[in-house]
Amino acid sequence: MKKLRIGIIGAGGIAQSRHIPVLMKLSESASITAICDVNEDTAQLAAKKFGISSAFTDYKEVFNEKTDAVVICTPNKFHAEITAAALEAGLHVLCEKPMAMTEEECRKMIEARDRSGKVLAIAYHYRFMKEAQAAKKLISENEIGTPFAARARAMRRRKVPGWGVFTNKELQGGGSLIDYGCHLLDLSLWLLGNPAETEVSGTAYNTLSKMPDQVNLWGSFDHQSFDVDDHVTAYIKFANGASLLFETSWSANIERDDESLSLSGQHGGIDLFPLRLNQSKYGMLLNTHSEWLPGEEDYALTQARNFINSCLGSEEFMVKAEEAMQTTRIIDAIYSSSKRELY
Ligand SMILES: NC(=O)c1ccc[n+]([C@@H]2O[C@H](COP(=O)([O-])OP(=O)(O)OC[C@H]3O[C@@H](n4cnc5c(N)ncnc54)[C@H](O)[C@@H]3O)[C@@H](O)[C@H]2O)c1
């Protein structure tokens, strides 16, 4: 069987904790040929740690005859440039989320994909979770009717990431919404069938993170230079009449983290995390609870396998770039609705 030869660009947290270990587990169908980081020590150390033969500091050096595809794990600011360059060089791309910082950047990535004929995959891994897969199937089998109202919350209790560049607007394009909320927003849009959005209204806050005496459970950060949102509320209307009520936070004053998504259809509803199906059937209201099967596959492994198989031509990647672009467009519209101010 042909192996996909993959280069890793950006050798930080997500590359080392998720992409590299998962690709190593799939060594029958993929090999890691090179790793690149602008920080030479990071690139060298990661190469040594994972036994990768080539380490570079310039991503263009990864684009050579020994590599078929790249996984892009840099800060958000560089996603569009590196993706377009890799596609133009004839490589397939798995780009970390968010796809890019603006819709215009996403469009350029899609144009590069269309010119190259290569795969452009975006790592919205929540879609690969068992609950998300089951919910999508239940909807496609008309178990709840057409979903018209969705509610999504991606709420962390006092967990602003205290590492990397997550609180740097210049490099990331925003905070809690573009980094964390994007997952639940993307998942909601996908489960609703990605209808066109017609109205987006939102408010972005960073009141809490500006206060130096606040408890943070994920390390420390500079309160003075913190210039991104840490809490966002939004309401989105769609052309098919559906709506989404959305809230995300890195730093909420709540008792515990809350990651939830629920959808209402004409004759039933679905809650995710944990998955529940609520239906009107046989003259009764039935609520079906789910349980995990032992030995189920890890979503990161499923995502990587789907990427490899889509590059080798046997599958389509589940997250379409056009859908990921809609997520970016709505994120941008929420920030614009908030007049780019942080309250
Ligand atoms: N899917 C998820 O749940 C998830 C989780 C964490 C991070 N991410 C995404 O992954 C990306 C990276 O996040 P991270 O947590 O690994 O950050 P990180 O700061 O730990 O690592 C980023 C690395 O990229 C390097 N880098 C910066 N510019 C570069 C360039 N031009 N070329 C090559 N290397 C460059 C940095 O030196 C750093 O080592 C972000 O886009 C983030 O949104 C996704």
- Query: So which chymotrypsin sites (Phe, Trp or Tyr not before Pro) in segment 152-183 are both in a DSSP loop and have at most 13 other Cβ atoms within 10 Å of their Cβ?
  - Reply: Trp163
- For 139-149, 6-16, ranked highest to lowest by mean beta-carbon neighbours within 10 Å, the order is 6-16, 139-149
- Query: Which FRET efficiency, nearest 0.05, do Ser140 and Met211 yield, Cβ-Cβ r, R0 41 Å?
  - Reply: 0.35
- Task: Specify which residue in the list Ser314, Gly7, Thr328 is farthest towards the positive end of the charge dipole of the chain, using unit charges on the beta carbon of Lys, Arg (+1) and Asp, Glu (-1), about the Cα centre.
- Result: Ser314
- the chain, relative contact order [Cα under 8 Å, separation at least 6], %: 20 percent
- Figure the gain on full extension for Ala149 and His289 (residue separation times 0.36 nm, minus the Cα-Cα span) and round it to one decimal in nm. 48.3 nm
- Item | Nearest 10 degrees, 0 to 90: helix 299-311 Cα axis against the chain principal axis | 60 degrees
- Task: Classify segment 95-206 as rounded, prolate or oblate, taking a ≥ b ≥ c as the square roots of the eigenvalues of its Cα gyration tensor: rounded when a/c is under 1.5, otherwise prolate if a/b is larger than b/c and oblate if not.
- Result: oblate
- Item | Sequence-distant aspartates and glutamates (8 or more away, or on other chains) whose Cα lies within less than 14 Å of Lys108 | Glu81, Glu88, Glu322
- Exposed-loop-free span, longest in the chain, where trypsin sites (Lys or Arg not before Pro) count as exposed if DSSP calls them loop and at most 15 other C-beta atoms lie within 10 Å: 67-255
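Taking 0.36 nm per intervening residue step and subtracting the Cα-Cα distance, what contour gain separates Ser27 from Lys3 on full extension?
Separation in residues times 0.36 nm, less the Cα-Cα distance, equals 7.8 nm.
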- Using 0.36 nm per residue, how much length does the chain from Lys130 to Asp227 gain when fully extended, once their Cα-Cα distance is taken away? 31.4 nm
- Proximal lysines to Lys3, defined as alpha-carbon separation beneath 17 angstrom and excluding residues fewer than eight positions away on the same chain: Lys25, Lys66, Lys118
- Message: For Lys210, give me every one of the lysines with a C-alpha distance below 25 angstrom, ignoring sequence neighbours fewer than eight places off in its own chain.
- Response: Lys77, Lys159, Lys169, Lys339
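Values in this text are rule-based calculations from the coordinates and carry no lab data. As the structure is a prediction and not an experimental result, all values here were calculated from the model. Virtual Cβ from ideal backbone geometry, glycine too; neighbours counted across all protein chains shown.
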